[in-house]
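Q: Below is one structure. I have some questions about it.
The values are calculated or read from the model by the stated rules, or taken from the named source; none is laboratory data. Remember, predicted model here, so these are calculated numbers, not experimental data. Ideal geometry is used to build each Cβ from the backbone, glycine not excepted, and the neighbour counts take in all protein chains shown.
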């Protein structure tokens, strides 16, 4: 009973995570009741809505009230947009929806950034105030700290999700959801709620009214995704993070240039395994309940140019930025110069979406410049009608060179994304350029042999041919249930052996 109470009460020190035993107990209980209700669609949706709110409460505390607020606001505005006969009224309601969503997001995510900027420019001494804490203290006699604003987990994801809903109604792509419980379920569906993928209403809402359907092949695929996601997160990402990457990024000057380079390579693998691992688990968990979420990653470090990278990395975010920011800005329909400006604006704002820091803006700017450079290069090739390469299109060496360059551009940009501040980013770059200590490389390779072996193995697995990956995925799906159960037991034993004392939250929870 005490353990059940621990599962059902939010703990700031032990939030609900896919990598905690608490989650799998929660999910087992959820599935047990779901197996009784799943045939009655209305009851099923209401049940999953309530359980999703409970999950969010266990993940982020009382911020679930913001989720309810967003649900009510956008459900109402969606109907107002759809029913309005005049285009001006439709635009007004869309503007209200976007304003409310971005206003709430900006308050929690950018208050410190804007307050600090105003204070620096005008010499003022304004301080942020946590209005929710202040209201709670006044109305409920609580004692929350009103001088600190905490970012609600997942707010960046569900904000973009609800914005896309009202905008798509305005564009005539979808009709509003008639039942607020169904809409609340769409907004709060717990597998993808706190770190994506960003699911659009047109993809998900029709599934609310379909009969439950899970084939034996899909069950195997769901189990495969969950197991590989956990291995990516706990065996690779957490291990190299705790035992190497975090230490180097914490104090770059204490390590040689070579060690800093390896930390950057390690972080490239860490963030991919962390984020794609979460997505794999989310897709697998949702599939076990009969819901299909979109693919969010497709071997991004196999990309041959940065445009290709963004077709493979965080696909739901890159497509959202394209459809709701880049194209409304004019896309590529107003000339090359305007196209390049639109790309830069989109990527700079994409960087700012990740956090209100100069380093995120620089990270977005690097990707923006790389995308613009690729577009210009394609334009030059088209005008000159030549590839400027002695190797034919599709030649293995040409592909290798393209992947090599793209990977290192993306990896270099991760320095600014991961560094705690600009000072440490500069220190890391300085160490790499001026204090490499080549003569100590053999000693360092031996000293960090376990970590470097995991990093090497992770990249090798990532760069394996897609058809080979499909073969072993297909083999697992076709195996008898007994073999699948054995695989689960083996993975659990492995993860128990390697798990860290302090469970690491998913990186994108803070965005």
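Q: How many of the residues making up the range 91-109 are in contact (Cβ under 8 Å) with a residue 60 or more places away in the chain and either outside any helix (DSSP H, G or I) or more than 10 Å from residue 166 (Cα to Cα) (or both)?
A: The number of residues fulfilling the criteria is 4.
Q: If you check residue 141 against the conditions, is it over 27 Å from residue 52 (Cα atoms), surrounded by fewer than 14 Cβ atoms within 10 Å (Cβ to Cβ) and modelled with pLDDT of 75 or more?
A: no
Q: While we're on this one: Looking only at residues that are within 21 Å of residue 466 (Cβ to Cβ) and in a helix (DSSP H, G or I) in the range 282-297, which one is nearest to the chain's Cα centre (by Cα)?
A: My answer is 283.
Q: Additional query: For the condition within 18 Å of residue 196 (Cβ to Cβ) and free of Cβ contacts under 8 Å to residues at least 24 places away in the same chain, what is the one hit in 331, 364, 335, 350?
A: Among 331, 364, 335, 350, only 364 is within 18 Å of residue 196 (Cβ to Cβ) and free of Cβ contacts under 8 Å to residues at least 24 places away in the same chain.
Q: Oh, and also: Touching a residue at least 40 places away in the same chain (Cβ under 8 Å) and either closer than 30 Å to residue 282 by Cα or touching a helix residue (DSSP H, G or I) at 6+ places or on another chain (Cβ under 7 Å) (or both): which single residue out of 57, 47, 112 fits that description?
A: After ruling out the rest, the residue left standing is 57.
Q: Of everything in the range 449-492, what is outside any helix (DSSP H, G or I) and either on the phi > 0 side of the Ramachandran plot or in contact (Cβ under 8 Å) with a residue 12 or more places away in the chain (or both)? Give them in sequence order.
A: Scanning the range 449-492 gives a single hit, 479.
Q: Now for a different question. Restricting to the range 114-130, name every residue that is crowded, with 16+ Cβ neighbours inside 10 Å and either at pLDDT 85 or above or in a helix (DSSP H, G or I) (or both).
A: 115
Q: Now a separate question. What residue, of 153, 187, 177, is at pLDDT 90 or above, outside any helix (DSSP H, G or I), surrounded by 21 or more Cβ atoms within 10 Å (Cβ to Cβ) and out of contact with any strand residue (DSSP E or B) (no Cβ under 6 Å at 6 or more places or on another chain)?
A: Testing whether each residue is at pLDDT 90 or above, outside any helix (DSSP H, G or I), surrounded by 21 or more Cβ atoms within 10 Å (Cβ to Cβ) and out of contact with any strand residue (DSSP E or B) (no Cβ under 6 Å at 6 or more places or on another chain) leaves just 177.
Q: How do the helices (runs of 4 or more DSSP H) wholly within the range 201-277 filter down when requiring 3 or more residues that are in contact with a helix residue (DSSP H, G or I) (Cβ under 9 Å, 6 or more places away or on another chain) and not assigned by TED's automatic domain parsing to the domain that holds residue 437: which remain?
A: In the range 201-277, 201-204 are the helices (runs of 4 or more DSSP H) which contain 3 or more residues that are in contact with a helix residue (DSSP H, G or I) (Cβ under 9 Å, 6 or more places away or on another chain) and not assigned by TED's automatic domain parsing to the domain that holds residue 437.
Q: Can you report the number of residues in the range 35-53 which are within 21 Å of residue 196 (Cβ to Cβ) and surrounded by fewer than 18 Cβ atoms within 10 Å (Cβ to Cβ)?
A: The total comes to 0.
Q: Within the range 441-456, can you find the residues that are under 29 Å from the mean Cα position of the chain (by Cα) and within 15 Å of residue 260 (Cα to Cα)?
A: 451, 452, 455
Q: Next up: Within the range 148-165, does at least one residue satisfy the condition of being over 23 Å from residue 194 (Cβ atoms) and free of Cβ contacts under 8 Å to residues at least 60 places away in the same chain?
A: No: the range 148-165 contains no residue that is over 23 Å from residue 194 (Cβ atoms) and free of Cβ contacts under 8 Å to residues at least 60 places away in the same chain.
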